[in-house]
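The values are calculated or read from the model by the stated rules, or taken from the named source; none is laboratory data. Since this is a predicted model, take the numbers as computed values, not measurements. Please note: Cβ atoms are built from the backbone with ideal geometry, for glycine as well, and neighbour counts cover all protein chains shown. When the accessible area is computed, the model is the full protein with side chains, heavy atoms only, and any ligands, DNA or RNA have been set aside. Shrake-Rupley method; radii C 1.70, N 1.55, O 1.52, S 1.80 Å.
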Amino acid sequence: MSSTAIRQALFMGFVGWSAYNIRLHAVETYGMVIHEFDPWFNYRAAEYLATNGPQAFFKWFDYTVWYPLGRPVGTTIYPGMQFVAVWIWKLLPFLGVEMSLHDVCVMIPAWFGVVASLAVSWLSYEASGSVNAALFGGMIMAIIPAHLMRSVAGGFDNEAVAMAFIVATFALWCRSLQSNNSWPIGALAGLTYFSLVATWGGYVYAVNMIALHCLVLFLLGQDAKKLHHAYSLFFLVGTAPSLLIPVVNYAPLRSLEQIAPLGLFIFLQLLEVCRLVGKWRNMDDKQFVSFRWTVFLSTGALLSAVAALLFQMGYFAPLSARVRGLFIAHTRTGNPLVDSVAEHQATHRRSYWRFLHNACFMGPLGGCFLLMRRPIEPAKSFLLLCGVVTYHFSFKMNRLLLLLAPPASALGGIAYDALVDILFTHLIGGKRGQARERKTRIPAETPVAADTATNPTVNRSAAAAAAADGRSESKGSTLSDSKSKSKGKTKNGSDAGSQEKPQDEIQKESQKSKDRKSPPTSGAKTDQAKEASQPVQEPQPGNSTSSKTYQGPLGGLPEEFSESLAEAGKDLAETAKAFLRETPNVRVAATTLLGMVLYYMASEFWFYSHRIAVPMSSPVIVYADKHGEIVDDYRETYGWIRNNTPEDARIMAWWDYGYQINGLANRTTIADGNTWNHEHIATLGRCLVSPEEEAHGLLRHLADYVLVWAGGGGDDIAKSPHMARIASSVYRQVCPDDPKCTTFKFNEDGEPSEAMSASLLWKLSQHKLQPLEEGGVVANPSLFSEVYTSKRGLVRVFRVENLSVESKEWVADPANRKCDAPGSWYCQGQYPPAFAEIIRDRQAFKQLEDFNSK
């Protein structure tokens with residue numbers, strides 16, 4: 001192994017160590033703690049899987065959540081992360097490592113953060129062909145805040161694992177298009193895609209991104225046969241097993257969010273059938289075009305009729321509020337439940353700098369460098385397309401900044417590599433840039449004929465150019481050549497190496513290079529090479545179309561576009577080099593300036609990322625205040641509930657805290673972050689925002705205790721306007737004739753409105769905080785009794801007085817559950833009979849489209 005390869009391997013190891021180390025702040029400060037809300041459910045599900053096994057897991061109906069309905073967890077969860085956690089936990093003892101399942105779940109985000117960073121290195125290499133770009137891209141991904149926000153140790157959430165699967169799927173897809181013989185790798189891309197589907201609902205983004213790229217390549221004239229093989233393998237291998245995941249089921253075949261990838265799959269099958277039939281019948285061009293039009297028109301008419309019928313039957317699932325919000329200009333999606341979540345809001349421009357830092361402009365710069373490298377291969381076009389599309393949609397929703405991390409990191413790495421290459425090659429005078437590309441993807445011999453047979457316009461020119469370029473694996477690197485100097489300088493500052501040959505010899509070699517790029521027409525070539533070297537001929541009537549494929553309405557555009565960019569870049573570079581040779585002082589100044597800028601940008605990004613990683617790693621459930629004291633009110637409250645309430649106690653709280661109450665207090669909750677039932681959450685909201693006596697009339701049938709977050713900041717009072725809007729979307733009497741509930745708010749003087757001050761939530765949050773004579777509030781002790789307030793007053797617990805024992809016993813009776821079939825495990829709970837009048841009052845939720853216009 002060469003010293004360069006060793007240094008590159010060491011740098012890659014440093015990338016992995018950096019990705020791991022930066023994610024451990026919370027563990028080092030607070031110990032092995034699971035963060036936030038959703039991770040507690042994920043851990044609880046992993047614990048159930050480890051204890052009961054897969055068969056029981058997929059038939060798990062949990063009656064301690066979403067009381068009194070319950071939740072069929074096994075069919076409403078993406079189980080991939082739980083299976084990964086349990087497999088790792090079972091494997092570690094064989095490696096001599098003893099860890100509890102809890103600790104494995106804490107560490108998985110950090111471990112997979114390393115995997116995702118290395119996967120970005122791979123994707124960067126596929127797009128650029130440069131090992132150094134791969135190292136820089138992986139380094140950016142390792143510490144970029146957009147990735148950190150979902151992958152710190154303790155954040156046991158789906159995205160932490162899914163990001164590694166997304167990037168690996170993208171890298172394998174790009175590799176499957178590397179040459180005409182690489183399409184079988186599409187099967188591996190399908191396997192990683194299946195892993196992604198099992199882990200996170202964001203798989204919809206990945207499959208649509210790949211389908212869009214495939215379509216763009218087809219329109220630009222790429223070999224349709226290769227695209228068909230690669231995409232078909234990817235789609236079939238990834239989708240077929242995904243249909244067996246209960247939460248996914250037939251969504252890839254029914255959801256409008258995934259109809260485009262399915263439609264592209266059908267389209268490519270029709271193209272391939274036409275190609276095979278044309279070959280079998282030995283059609284000429286005119287016959288083949290007529291036949292293809294007949295097939296597509298007849299099939300299109302048939303599929304349109306079937307689709308229209310299926311739409312009428314309700315076969316296709318509509319777009320979700322989150323997805324619809326990505327395609328319209330909005331401040332609200334029209335769903336108050338979705339709008340109540342901060343990460344679903346439109347992304348502010350400042351957020352890009354906060355989560356991407358200088359990758360904001362280094363990414364686009366890397367895209368420009370990619371465009372100037374000829375030819376624009378599929379991997380390059382994918383990374384460019386992925387960056388543009390993901391940036392567009394990330395602007396619509398805060399949460400999608402996470403998906404921008406991989407393309408921004410990969411493109412940023414390419415930009416750093418190009419700038420360092422300019423610094424060491426053109427300014428300092430090293431040899432780093434002379435052999436920086438990998439070997440040509442398309443061999444100069446036998447595969448060329450296959451390429452040109454299926455798509456002569458694009459592939460023959462690409463193959464000839466690649467054969468002439470003769471690019472070889474980079475022997476230099478950022479690490480190895482950073483100290484290299486020119487062995488000799490002329491008086492004007494130019495490299496001695498450039499003076500070793502006379503100028504006329506250099507021109508002759510340049511002419512020879514051009515000659516090599518021209519397709520040879522004679523010589524001792526094989527038949528296949530002769531076919532590849534002959535000029536492209538327009539199809540003539542009578543020619544066989546047995547191996548012809550559709551070249552696309554934009555065929556040839558990528559080659560011409562990239563050539564013009566490459567020529568422009570080359571001219572600019574030559575002019576700059578000539579100027580620097582003639583002005584050594586400017587060359588020294590430019591070298592110094594560029595070196596300082598690169599050093600500043602890299603060091604600033606490093607220190608910024610490590611600085612922001614500290615607050616990002618702070619768990620919501622426990623944190624340090626401005627004086628450095630540990631605030632542990634939430635865990636202490638859940639511990640009190642676990643130790644001081646009956647095991648069958650039902651705790652009413654806003655849905656945000658349901659997962660923590662289940663996971664830490666081990667008590668029944670009314671709702672949680674799954675948010676699968678809008679009407680039920682609206683019922684919960686009505687209980688909390690209604691006047692005290694009215695709320696008690698509802699609560700006594702559902703809960704034994706009420707838990708509220710108080711103390712300011714993002715407490716329940718701050719969230720209460722959202723609660724009112726959600727309640728009003730189902731119970732119109734909460735805010736009559738006012739779907740936005742504008743009357744439930746704080747007035748301009750900071751005082752609560754009449755509706756807010758009368759609500760149960762206000763009474764419980766403000767209970768006895770001030771004396772009555774000073775405007776204090778006291779909850780009615782005959783309805784609600786205070787039983788616990790945390791040390792700093794951040795959490796308060798009240799017991800519901802005069803609760804309905806009859807309703808509680810009715811719900812607990814298994815005979816009152818509604819099963820989908822006799823003897824089935826799927827038996828949903830029902831509201832008690834005393835709640836029937838409340839249920840009759842509500843209206844099924846309907847999307848409020850006018851939220852975007854009023």
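Tabulated data
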read-out: Protection proxy ranking, peptides 151-157, 694-700, 668-674, average beta carbon neighbours within 10 Å, highest first; value: 151-157, 668-674, 694-700
read-out: FRET efficiency, 1/(1 + (r/R0)^6) with R0 22 Å, evaluated for Glu693 and Val777 via beta carbons; value: 0.90
read-out: Amide H contacts under 5 Å for Val778, placed H, 5+ residues apart; value: Lys768
read-out: Inter-label distance, nm, simple model (7 Å from Cα along the C-beta direction), Trp87/Asp737; value: 6.0
read-out: In the stretch 347-393, the chymotrypsin sites (Phe, Trp or Tyr not before Pro) that fall in loop regions by DSSP, at most 13 other Cβ within 10 Å; value: none
read-out: Around Asn249: net Lys/Arg minus Asp/Glu count, Cβ-Cβ under 15 Å; value: -1
read-out: Potential lengthening between Leu219 and Cys819 on full extension [0.36 nm per residue; Cα-Cα distance subtracted]; value: 210.9 nm
read-out: Stretchable slack from Ala578 to Asn181, in nm (0.36 nm times residue separation minus alpha-carbon distance); value: 138.7 nm
read-out: Cα centre as origin, Lys/Arg/Asp/Glu Cβ charges: the stretch 216-315 dipole, Debye; value: 220
read-out: Val420 accessible area, assembled protein chains, probe 1.4 Å, Å²; value: 10
read-out: Computed lengthening from Arg792 to Asp648, 0.36 nm per intervening residue step minus Cα-Cα distance; value: 49.1 nm
read-out: Over 31 Å (Cα to Cα) - which of Lys740/Lys763; Lys59/Lys808; Lys745/Lys768; Lys225/Lys380; Lys763/Lys791; Lys90/Lys626 fall in this group; value: Lys90/Lys626
read-out: Peptides ranked, highest mean first, by Cβ atoms within 10 Å: ranges 815-826, 742-753, 8-19; value: 8-19, 742-753, 815-826
read-out: Whether the stretch 112-258 is rounded, prolate or oblate, judged on the alpha carbon gyration tensor where a/c under 1.5 counts as rounded; value: oblate
read-out: Solvent-accessible heavy-atom area per residue, rounded to whole Å², over the stretch 20-152 at 1.4 Å; value: 32
read-out: Note, ³J(HN,Hα) from phi for the stretch 63-74, Karplus 6.51, -1.76, 1.60, rounded to Hz, x at Gly and Pro; value: 8, 8, 10, 6, 4, x, 6, x, 9, x, 4, x
read-out: Pairwise FRET efficiency - Ala602 versus Ala50, Cβ, R0 = 56 Å, nearest 0.05; value: 0.85
read-out: Mean-position separation - Cα centroids, the stretch 32-99 and the stretch 203-217, in angstrom; value: 31
read-out: Sites Leu236 and Ala9 - FRET efficiency at Förster radius 56 Å, r taken between beta-carbons, to 0.05; value: 0.95
read-out: Trypsin sites (Lys or Arg not before Pro) restricted to the stretch 1-64 and DSSP loop, no more than 10 other C-beta within 10 Å; value: none
